Amino acid sequence: MVPHRSLVRMIEANELTKRYGRTTAVRGLSFTVRPGHVTGFLGPNGAGKSTTLRMILGLNRPTSGTALVGGRPFGALPRGLRDVGALLDARDVHHGYTARAHLSVLARSNTIPRRRVGEVLEEVGLAQAATRRIGGFSLGMKQRLGIAAALLGDPPVLVFDEPVNGLDPEGVLWLRTLLRRLAAEGRTVFVSSHLMSEMESTAEQLVVIGRGELIAAESLTAFAARGTRRRVAVRTPDADALAPALLAAGASVEAGTDGLLTVTGLPATRIGELASHTRAVLHELIPRSSSLEEAFMELTADSVEYTTAGDVR
């Protein structure tokens, strides 16, 4: 069901700050999530993503600033799950309930027609498991149940925190299609994830934070283009001659199969000049933009709180 235009709402963070004692989890954060797009919410571990989502959903009170949905704090919205649907932790559910009973309780408490329980169970692929106790569900099934709960009120705003966790490849593809469809219907869809490849395949807009502060709020394409480690794909039958010249010029070179070299650190024009000097035949010379993951790693490098022993930052 497509939400009425009057119900479509933006999510807005305005100078949002949250402190826990001497620790500042979120600092002066401002961004807007608009309807009609899947907006990814990215940041390194400890960046403040979960705290921000909890403030948007009224579960944590900001120290200062505001988190608004449709211009109002979440607690002032009158229609519960019919205003905003959310999945924060799929495991946070009574394991003694069946899937149908869990959703039925939510439907009654939010004055949602009972027929919606069956509809959302069917939509998330749990119709055959409706009478099973949740305690016996896999993590992927619990994720699907959490998504069903978020969809129950047919809301114009949807917030998901790591919804891909536990899903198998078929489930990941299903979720990707679902999120895109919900956004295409004019809903506001805000998705936190640590999986760059999945965000690259799903999101159109990004909000990126680090150490509780805003790094970027822009299109995925624009963010990826900010990465400076752009690559050039070079295919040549003379890789043994060209690769040393590229390395001597300061490039990083990764050798692949069939004479493919992936070159970082030199523009295509300079690579062409070096190929000419070494008399290397070029079959391909294709500049490639940074991937989302490469841009993310580069632009958030100073915001990573925990690194492995082998990391060099």
Could you please state, rounded to a whole Å, how far the C-alpha centre of the range 175-210 is from the C-alpha centre of the range 240-259?
37
Please compute the length gained on full extension between D92 and S219, using 0.36 nm multiplied by the number of residues separating them and subtracting their Cα-Cα distance.
42.5 nm
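Per DSSP helix of 4 or more residues, -39500 (n - 2.57); summed, then divided by the residues of the chain. What does that give at 222 nm, rounded to the nearest 500?
-9000 deg cm²/dmol, from helical runs alone.
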For R288 and S201, what is the calculated FRET efficiency with R₀ set at 22 Å and r taken between the beta-carbons, to the nearest 0.05?
0.80
Once both label points are put 7 Å beyond Cα along the C-beta direction, the T63-V281 separation in nm becomes 6.5
Nitroxide proxy distance, nm - points 7 Å out along Cα→Cβ at T269 and S30
3.9
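Could you give the size of the charge dipole of the range 127-184 about its Cα centre, using +1 on the Cβ of each K and R and -1 on the Cβ of each D and E, expressed in debye and rounded to the nearest 20? Don't jump to the answer; show the numbers that get you there.
Numbers: 7 positive and 5 negative charges, 30 e Å.
Here the size comes out at about 140 debye.
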Restricting to Cα atoms and excluding each atom paired with itself, what does the Kirkwood estimate give for the chain in Å?
21.8
What FRET efficiency would be calculated for the residue pair D168, V105, taking the C-beta separation as r and a Förster radius of 30 Å, to the nearest 0.05?
0.60
Just to be sure I understand: if I project the alpha-carbon convex hull of the range 231-288 onto a plane and average over all orientations, what area do I get in nm²?
3.1
Give the percent of DSSP beta bridges with both residues in the chain that are antiparallel, rounded to the nearest 5.
65
Springs between alpha-carbon pairs under 10 angstrom, Gaussian network model over the chain: which of R279, R72, R176 fluctuates most?
R279
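Coordinate-derived values only; no laboratory data. Remember, predicted model here, so these are calculated numbers, not experimental data. Positions of Cβ are backbone-derived with ideal geometry, glycine not excepted, and every protein chain shown enters the neighbour counts.
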